[in-house]
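Below: one structure, written as structure tokens.
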Amino acid sequence: MIALRGIRLAALLLALGCLAGTLWAGLDDRGAALAFGALVGVGEWGRWTGAEVREAAPLGAAGGLAYALLGGDAGVATHDGAFQVVTVVCAASLLGSVPHIASGRRPTLDHLARRVLTVGFTAVCFQPLYNRGVLEQWGGPAYALLLIALLVLTALCDVVLAAAQAHSRTGWRFGPLLRDELRGLLGIGSAVCATGAVMALAVAVVGLWALPVFCLPLLLTQLSLRWYAAVRATYRQTIASLARATEIAGYTPAGHARRVATLSQAVGRDLGLTGAELTVLEYAALMHDIGQLSLVDPVPAGATAVLPAEEQRRIALLGGAVVRQTGVDAAVAVVVERQADPYREQPVAARIVRVVNAYEEKSRDSGPGGPLTALEELRLATAGDYAPEVVESLARVLWNEGCGAMGVPPGVEHWGSLGQGGGGRRAGLSDLARGWVTHG
């Protein structure tokens, strides 16, 4: 939480400092301030918080960057300054975010902090140089390249801030989060930066009437985000419904697939899987038992981990065939098919599903000591059945985050309280409980 609080504090101090500077110097070019402020406010108001995209308010982001890079209005030089740019963008973002804040969406504050810091970075780099006439000799392509270079630096700054915020909120590894943010930058992020630069250049030539023209593509993009979110939600609901078929038919215990999917994602994050890989992992974990629907005689309690290897492979292949017929991504079917293969031949997602499924099956009916006993059994079987690195990752996840729905021994609130070191430090399997020693 230290990084998160530091980012919020830095954004607050920057906003207050710029507000004080604007009040002291006065508001210059109120028409441009009102136009760009309205653009940013509308973009933030229409922000779609449910979309699984990196930038859910592309219009607001592009408007803020365009205002920070504004060097002229219809051929007349502007002198808005960095203080005024940050103040206007901050005020407009706050007004546009009122509905989101009123709804109690806490990440809105982090979104505003990123917006203020990134726009502030761009404005501080560009506005003083422009107002002092340093950029007068940069004409034509050279000026455009300067804007692009500045936007690249701004985008990288925003990526680091977003990854740091996500790491602080969730505790997930910073490296994979940063990698996902960089990949997202190649999509909507690059479009936002390019539109911001084009808006600034167009306003400098034809005036503020250029804003509505260049807003249209991003408005359509913002509407497409809602469609994208609805499609993703429907897709996931369909997969979850298919996964529940084994529970409704009595082949597996209630909630088993959901618990395996939740813990598999946590292990995947610990191992550094990307966002796309985590999605495949989640879907495969939800549907890992769907092959049991093809069995004439149900497996007792749906516990496939205790079956002979050949029977496990047969059920896995049946499940993969079912998944392929549903139209789900072929990568999900591959994970389902290969979850019973020798772990050295499995993809990482299949290794994770196999370990987590075995842990859930072994721990749920073993009484107060079930989780520890299950981990001990997994540890002893790493020589041939389960990937050692995945078992170690599972232990770290249970240690650091608590095992939640997996079941905690009575009287123990968190797995970290069982460890020798305390404080939630990262641990190996042999550290899990005082006096509990692993073998092999």
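With only the Cα atoms considered, the stretch 174-288 has a convex hull volume of 102 Å³ per residue.
Rounded to the nearest 10 degrees, the inclination of helix 2-25 to the longest alpha-carbon principal axis of the chain is 10 degrees.
Charges on Cβ only, +1 for Lys and Arg, -1 for Asp and Glu, centred on the Cα centroid of the stretch 225-349; of Val348, Gly255, Val334, which one is farthest towards the dipole's positive end? The residue sitting most towards the positive pole is Gly255. Each Cα pair under 8 Å and six or more residues apart adds its separation to the average, and for the chain the resulting relative contact order is 13 percent. The value of relative contact order for the stretch 87-199, using C-alpha pairs under 8 Å at least six residues apart, is 23 percent.
Over all alpha-carbon pairs of the stretch 115-257, lay out the pair-distance distribution in 10 Å bins, whole %, shortest bin first. Bin by bin from 0 Å, the calculated values are 9, 25, 29, 18, 10, 6, 3, 1. The distance between label points at Leu307 and Glu345 comes to 1.8 nm (points 7 Å beyond Cα on the Cα→Cβ vector).
The angle between the Cα long axis of helix 275-286 and the longest principal axis of the Cα atoms of the chain comes to about 30 degrees, rounded to the nearest 10. Using a simple spin-label model with pseudo-atoms 7 Å out from Cα toward Cβ, Leu317 and Leu186 lie 3.7 nm apart.
In the chain, the calculated helix contribution to ellipticity at 222 nm averages -22000 deg cm²/dmol per residue, counting -39,500 (n - 2.57) for every DSSP H run with n ≥ 4. For the chain, the longest principal axis of the alpha carbon atoms and the long axis of helix 107-131 meet at an angle near 40°.
The mean sequence distance of close C-alpha pairs (under 8 Å, at least 6 residues apart), as a share of the length of the stretch 6-131, puts its relative contact order at 37 percent. Across the options Pro141, Thr274, Ile7, the greatest Cα extent toward the positive end of the charge dipole of the chain (unit charges at beta carbon of Lys, Arg, Asp, Glu) belongs to Ile7.
Between the entries (1) 1.20; (2) 1.47; (3) 0.94, the label attached to Cα Rg over 2.2 N^0.38 Å calculated for this structure is (1).
Dipole size in debye (nearest 20) for the chain around its Cα centre, Lys and Arg Cβ +1, Asp and Glu Cβ -1?
480
Accessible area per residue of the chain at 1.4 Å probe, in Å²?
Each residue of the chain exposes 45 Å² on average to a 1.4 Å probe.
The values are calculated or read from the model by the stated rules, or taken from the named source; none is laboratory data. Just so you know, these numbers come straight off a predicted model, no measurement behind them. A quick note on method: Cβ atoms are made from the backbone with ideal geometry, for glycine too, and the neighbour counts reach across all protein chains shown. Heavy atoms of the whole protein, side chains included, go into the accessibility calculation; ligands, DNA and RNA do not. Shrake-Rupley method; radii C 1.70, N 1.55, O 1.52, S 1.80 Å.
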